[in-house]
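Reviewing the structure listed below.
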């Protein structure tokens, strides 16, 4: 029996380090070892009862269980647009919001839509482990920008300028950073994309904390994770919206 031949695009993709660490921690716990897992970020208690109750109640609503709009149901997009408009003091319309199953889903869609083979995407380190692989799956080349503790693990405008090339297509700024927890100041948040904007470059700011996300240019797409109550990690959703 011949083995299944996988697409060559998968040759560069590595298994998730996060899941590997989580699996190893689970194995050690099952063996009776007292271990603290630094893998998947989630609490050690169950999803709160009121969240479960709300999900069960939602299933009893008329029309639930049918196919929905690919971009997200209109009531949800209206609520997201209203919240973003109030928080960021800009006018966001529901048709400018796209709902996905998480910020990484939105980023993957963006990379697939924006990147041609050989295009480069700037990714400051430390970064979430999925970013480079998503770029490579889209045919692009991740360009890693190393950061320093002296700079609060924030990429500098000079680094962005020096890393930009004719093939640079996007820069990903994760703010607050996952995993370092570093937060870009408002000044730094403006300077890095300005450095990249001298070329045909998209700024893709992402956030792991729902209350903070910045966008400054027309060529910005902002994946934004929805707030999750404690231990509601698998109930994740995200929205993406353009700036004007």
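The values are calculated or read from the model by the stated rules, or taken from the named source; none is laboratory data. Please read all numbers here as calculations on a predicted model, not as lab measurements. Note that each Cβ is placed from the backbone with ideal geometry, even for glycine, and that neighbours are counted across all protein chains shown.
Table: residues versus (1) crowded, with 21+ Cβ neighbours inside 10 Å; (2) modelled with pLDDT under 90.
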{"site": "96", "(1), (2)": "no, yes"}
{"site": "108", "(1), (2)": "no, yes"}
{"site": "120", "(1), (2)": "yes, no"}
{"site": "128", "(1), (2)": "no, yes"}
{"site": "137", "(1), (2)": "no, no"}
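Entry remark, the range 16-44: residues being loosely packed, with under 10 Cβ neighbours inside 10 Å and either under 23 Å from the mean Cα position of the chain (by Cα) or not in a helix (DSSP H, G or I) (or both) number 6 in total.
Exactly one residue among 193, 132 is at pLDDT below 85, in contact with a strand residue (DSSP E or B) (Cβ under 6 Å, 6 or more places away or on another chain) and part of a helix (DSSP H, G or I), and that residue is 193. Checking 155, 172 one by one, the residue that is buried (at least 19 other Cβ atoms within 10 Å of the Cβ), modelled with pLDDT of 55 or more and in a strand (DSSP E or B) is 172 and no other. Residues in the range 45-77 that are surrounded by 14 or more Cβ atoms within 10 Å (Cβ to Cβ) and assigned to a helix (DSSP H, G or I): 51, 76, 77.
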